[in-house]
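A quick write-up on the structure given underneath.
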Amino acid sequence: MGFFGKLKSAVRKIKGKLIVSAILVLVIIVWAIAPFSVAVKDGITQAVGREGCNWEVLLMELGNGIIHPLEQVSLCITDPFYRAPFFLVTRYFLMFYALFVIVGIAKAFPKHEYEDIENGSSDWCENGEQYKVLSKNKGIVLAEKNYLPVNKRGNVNVLIVRRFWCW
């Protein structure tokens, strides 16, 4: 399994989490980043005669933006006065989010080649094929409802390499 096979397996493993986090990113952009960028821009521009920010304007605009988030998003997209700070904050937020996505995918990488391969079942055959060789009822247990008969002609040696769990 090459790098891209492992990457595909890792993304498939955390696909649901990625979808939920993408929806969360959209919610954060609508309810946090757009109102914050509009509030900061208004607070800085309305700081009359002093450097810094007019905190009263900033907090009022932030509260108004959280109550009416879609108006703030449309304002950020249509008005060039608010567009630059909105896309600047959004870009930094998405870079921060991308780091978390990369870490999540890296942690989901398979640890070894045989991680998602099932063993110990009789799924390798269909329609009772296994009973030409195996028995349904008695013998050495191989899997659920699959036994190796001991009265069979030929080699009946079995090596089972698994952990034995005892409760």
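A few remarks follow.
- Filter result for F86 (under 30 Å from the mean Cα position of the chain (by Cα), surrounded by 11 or more Cβ atoms within 10 Å (Cβ to Cβ) and over 12 Å from V38 (Cα atoms)): no
- Test: residue in the range 92-106 that is out of contact with any strand residue (DSSP E or B) (no Cβ under 7 Å at 6 or more places or on another chain), modelled with pLDDT of 90 or more, more than 30 Å from G5 (Cβ to Cβ) and surrounded by 10 or more Cβ atoms within 10 Å (Cβ to Cβ): yes
- Selection of the range 1-11 for residues being surrounded by 11 or more Cβ atoms within 10 Å (Cβ to Cβ) and not β-branched (V, I, T) yields M1, G5, K6, L7, K8, S9, A10.
- P85 vs. criteria part of a helix (DSSP H, G or I), touching an Asp or Glu at 6+ places or on another chain (Cβ under 8 Å), farther than 30 Å from A106 by Cα and of a type outside the set (F, W, Y): no
- Residue within the range 18-31 that is touching a residue at least 60 places away in the same chain (Cβ under 8 Å) and either over 30 Å from P110 (Cβ atoms) or touching a Cys at 6+ places or on another chain (Cβ under 8 Å) (or both) present: yes
- Which listed residue is under 30 Å from V57 (Cα atoms) and among the β-branched types (V, I, T), from I29, I19: I29
- Any hit, the range 42-50, residues being touching a Leu at 6+ places or on another chain (Cβ under 9 Å), assigned to a helix (DSSP H, G or I) and within 24 Å of M95 (Cβ to Cβ): yes
- Residue under evaluation V20, criteria (1) surrounded by 12 or more Cβ atoms within 10 Å (Cβ to Cβ); (2) among the β-branched types (V, I, T); (3) under 27 Å from L70 (Cα atoms), criterion not met: (1)
- Qualifying positions in the range 13-62 - touching a helix residue (DSSP H, G or I) at 6+ places or on another chain (Cβ under 6 Å) and of a type in the set (F, W, Y): W31
- Taken together, Y92, Y82 contain a single residue that is in contact (Cβ under 8 Å) with a residue 12 or more places away in the chain and aromatic (F, W, Y), which is Y82.
- If you filter the range 51-79 down to residues that are in a loop (DSSP other than H, G, I, E, B) and not acidic (D, E), you find that the one that is surrounded by the fewest Cβ atoms within 10 Å (Cβ to Cβ) is G52.
The values are calculated or read from the model by the stated rules, or taken from the named source; none is laboratory data. Bear in mind that the values here come from a model prediction, so they are computed numbers and not experimental data. Please note: Cβ atoms are built from the backbone with ideal geometry, for glycine as well, and neighbour counts cover all protein chains shown.
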